[in-house]
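Visitor: First the structure, which I've put down as structure tokens, then a few questions once you've had a look.
The values are calculated or read from the model by the stated rules, or taken from the named source; none is laboratory data. Note that the coordinates shown come from a computational prediction; the quantities given were computed from them, not determined experimentally. Cβ sites come from the backbone with ideal geometry, for glycine too, and all protein chains shown count toward neighbours.
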Amino acid sequence: EGQVLRQGDVIGYVGQSGNAQTPHLHFAVSRLGHDRKWWRGEPLNPYPLLLAARPS
């Protein structure tokens, strides 16, 4: 929450833990409400955000 990312920063790893049968990565972007609980956040489509930040 509130982290600033720069091009090349690692934001996750593909792995296999818990009850997973195959390696995978969960990635989500959401807008937090006043209660600041991520599981209640409004899901956002990350594509426009990532596209806007793409180097030209």
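Visitor: Filtering the range 1-52 down to residues that are hydroxyl-bearing (Ser, Thr, Tyr) and at pLDDT 85 or above, which residue is surrounded by the most Cβ atoms within 10 Å (Cβ to Cβ)?
Guide: Looking at residues that are hydroxyl-bearing (Ser, Thr, Tyr) and at pLDDT 85 or above, I get 30.
Visitor: Among all residue pairs at least 6 apart or on different chains, which show Cβ distances below 9 Å where the first residue, located in the range 39-52, is farther than 11 Å from residue 28 by Cα and the second is of a type in the set (A, V, I, L, M, F, W, C)?
Guide: 40/32; 49/29; 50/29
Visitor: Among the β-branched types (Val, Ile, Thr) and more than 11 Å from the chain's Cα centre (by Cα) - does that describe any residue in the range 24-37? Show your work before the answer.
Guide: Filtering the range 24-37 down to residues among the β-branched types (Val, Ile, Thr) leaves 29.
Okay, now just the ones that are also more than 11 Å from the chain's Cα centre (by Cα), so none.
Scanning the range 24-37 turns up no residue that is among the β-branched types (Val, Ile, Thr) and more than 11 Å from the chain's Cα centre (by Cα).
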